[in-house]
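None of the figures in this text is laboratory data; all of them are computed from the coordinates on show. Because the structure is predicted, anything quoted here is derived from the model rather than measured. We place every Cβ from the backbone using ideal geometry, glycine too, and count neighbours over all the protein chains shown.
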Amino acid sequence: MRTLMMITALACIACESSPSIPSPKDQPVSPVPQKPVPAQPERPAQEQEAPPPYALSQGKSVLWKRYAAFERDLMRGLDLGRDELCRELGDRNCIRDVHLIALGGNDPFGSGIHRPPPGTLGTTPMVVDRVLLSACSARAAADKADKQGEAKVFGALQLAGPAPAPGSEAVAKTTETLFRRLLARDPKPSEAALIESLLEPGEDAPQSAEEFAVLACFVVGSSLEFLFQ
Amino acid sequence: MSLRCRVTAPVFLLAALSTSAAHAKPEGPRAFCETYPETARCMGTVPDCSLCHTSTSPAAWNAYGLDVLAALPKQAGFEQELPAALLAVDARDSDGDGFSNRDELELGSRPGDDASRPSTPESTPSNLPPNPDYLIGRYDPAYAYRRASTLYCGQSPSYDELAPFRAPDADASKLRALIHERIEACLHGEYWLKEGLVRLGDDRIRPITNLGQDSKVAITLPISSLSGEIKLRSVMADYSYDYRLWVHALSGDRDARDLLLARYFVVENADGTTSLTEELIANPAKDATAGGQKLAKEYRAGMITSMWFLTRNTMFTSLPRTTAAAAYRAYLGMDISKMQGLMPVAGEPDDIDKMGVKEARCAVCHSTLDPLAYAFAPYNGLQTGIGAVFELVLFGTLNGDFGAYDEARPTTRMPEWSWAEQQPVLLGKQVKSLREWAEVAAESDEFARNLANVFFVHALEHEPEGAEVEELGVLWQGLREDGYSANKLIHRLIDTAVFGAP
């Protein structure tokens, strides 16, 4: 009986918690990648809100690409191992160990959360930014360190040098590589132009090829098309 | 105030005053489905109380419920009068949302809630050119491929894998075949079997790490055994058996009814593979308070008689209501705590354990729940026999009989228990045992519907609504033809318009 009482007490200690979850919201489809906030001035509101001149889906057809596919798509796209994508404090896997819920997973064993959140959380955007910047930076650093000419993603750039010139072959090739690796398609001219625009003179413009690589990777990776299905 | 409000308010007031002692009628859902058996809310389920009520105790009604209430002659019994009253308000638009009650019932929305309307996607304006990236409103193979690959392979298709879908003259039937070929491989792959499908089981198994087999929480008892100090890890059961059965039954084209019918355990071999055994499994850890599986074969019923399921849900209760409700929710898709699946049994609840559930506000649910729970009464929760106490005193170990079968348990715990009176009933059918309970459940429309719904919601992240309910109906009705294979269900799901048409 004493044992059972002990177990009862422990059961109470092990009570589960459930997170406060906002209501799910449909996300708009956008074939155009989002721009990173720090790199570009905001476009005029009128331009952002103008509906595309073609038919749009009317149903609930856009789904969040949750942690597992987000992780695996980044691993394949940037040719990085699971633990190379992002580690908090150099120790904990960002996706699996620290930000799992914000990325759409659930954690029955560590947190007693048995259901994934129905929609993105308030912390999801910053976590996505965190993981993407880390992963893109890791890829650029690895390619920069490559001395064998086997850079996986940014082989068209001289990563130790200054930012490439707009309109250069290196920019076009890098854009194509990122689109193919992360979005599984070729870029449209308007999308290639958007990547080019990162190099427009200004105080936020990348100074080095490595900075450009990270920024371009972030732009494609943070697009709605990459983050949603 | 609109005309509608002027009419509704007095009716509501009148209803509230004239039925001050009224309460919701749990017979309502059943009578509703006898009237409208082909509507979305009656296909493999029954409607919950919120179809008519805003509150069940004290009773309050939404606009539809008020109209039905006003149409009841109140001369014969409620269940007898309800069908005619329902039909009498068919043509009305009780909630004023522009759709008749009948249309809303047939299309799966709520006739008493003006925010709930049949989904009628606006047609794409004909003057707009086609979307350059998606086949809007039609099955788009590339879109379906990306979605299916993400869900069942754990990653999007690569640039090369999508090459056939970019070809301008691609044959649609060949593209569909490619999708199914790829997904079939993934359904046997590591991601689905080790992660995707496993996570789908979390909310049904509901593990607690500190009470599972790997618990690191140690208890030192304030008494000693003849062998010295008693220090044990707090293990209630090993839920990895539950996870393995969940994955086993829902993969490899196996019969998903084994979720409720398996008499075997799925064990993990040293090399990481799994195999089946019908033997009892001893607690493998001497320092744990429980472990293995202790239920004799004849009493087993898949997931709902695992040691974990029984101990986690029954704990110390005499009548395992929580256990029955958990089984009803997880495998038949009806949550009694949300007043779903109410099918009251005449004369119930008997209140065999003196919990006061005969009170009207409790009886609404307990007239269904208690007969469900009777079948679980002979199964132990956190309870052990005298043999284990001796073992504890002599050797300082505890091999609890958690989740074991004990025919005498009901009468020991509830002195007024009578097997003649405490007749288990599931879905309106009397059953003799939990095993029979599981067999009725596994053959029911509710089980098939729930199984299809699990995969539907996983894939589309919302409950089916409107026309989607019909697609769900086709899916769950196809399960029987497909031998209850979850894999075949997924292939059918991928082929639906709701899955593949953006």
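Results, tabulated for the structure shown:
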read-out: Of B:T412, B:Q430, A:P189, farthest towards positive along the dipole that unit charges on Lys, Arg, Asp, Glu beta carbons give the protein assembly as shown; value: B:T412
read-out: Built amide H within the under 5 Å cut-off of A:F228, gap 5+; value: A:K65
read-out: FRET efficiency for B:A218 and A:R76, using Cβ-Cβ distance with R0 set to 51 Å, rounded to 0.05; value: 0.75
read-out: Nearest-0.05 FRET efficiency for B:E416 and B:I386, computed from C-beta distance (R0 22 Å); value: 0.35
read-out: Top positive-direction residue, dipole computed over the protein assembly as shown with Cβ charges, set B:A459, B:P378, B:Y241; value: B:P378
read-out: Lys, Arg +1 and Asp, Glu -1 on Cβ, resulting dipole of chain B about Cα centre, debye, nearest 20; value: 940
read-out: For B:334-343, mean number of other protein chain Cβ atoms within 10 Å; value: 0
read-out: For the protein assembly as shown: rounded, prolate or oblate by the Cα gyration tensor [a/c cutoff 1.5]; value: oblate
read-out: Amide proton proximity set for A:V62, modelled H, under 5 Å, gap of 5+; value: A:Q27
read-out: Expected 222 nm ellipticity per residue - DSSP helices of 4 or more, -39500 (n - 2.57), all of chain B, to 500; value: -12500 deg cm²/dmol
read-out: Neighbour-limited loop hits for GluC sites (Glu not before Pro), the stretch B:274-367 (at most 14 other Cβ within 10 Å; DSSP other than H, G, I, E, B); value: B:E278, B:E279, B:E359
read-out: Average other protein chain Cβ within 10 Å of Cβ, residues B:203-212; value: 5
read-out: Cα gyration tensor category, rounded, prolate or oblate, for chain B with a/c compared to 1.5; value: oblate
read-out: Rounded Å value of the spacing that divides the Cα centres of the stretch B:425-457 and the stretch B:477-498; value: 18
read-out: Partner chain coverage, peptide A:58-70 - average Cβ within 10 angstrom; value: 6
read-out: Burial ranking of peptide ranges B:129-139, A:127-137 (average Cβ count within 10 Å, highest at the top); value: A:127-137, B:129-139
read-out: Cα gyration tensor shape of the stretch B:423-492, rounded if a/c is under 1.5, else prolate or oblate by comparing a/b with b/c; value: prolate
read-out: Nitroxide proxy distance, nm - points 7 Å out along Cα→Cβ at B:K338 and B:L128; value: 3.2
read-out: Cβ-Cβ FRET estimate between B:A71 and B:S173, R0 fixed at 51 Å, reported to 0.05; value: 0.45
read-out: Neighbour cut-off at most 10 other Cβ (10 Å), DSSP loop, trypsin sites (Lys or Arg not before Pro), the stretch B:170-230; value: B:K216
read-out: About the Cα centre, charge dipole magnitude for the stretch A:69-201 (Lys/Arg +1, Asp/Glu -1 at Cβ), debye; value: 260
read-out: Dipole magnitude (debye, nearest 20) for the protein assembly as shown, charges at Cβ of Lys, Arg, Asp, Glu; value: 1120
read-out: Of B:K297/B:K429; B:K25/B:K358; B:K194/B:K294, those spanning more than 18 Å from alpha-carbon to alpha-carbon; value: B:K297/B:K429; B:K194/B:K294
read-out: Amide hydrogen neighbours beyond the local backbone of B:L426, cut-off 5 Å, H modeled; value: B:V431
read-out: Cα centroid separation, the stretch A:146-200 to the stretch B:56-97 (Å); value: 66
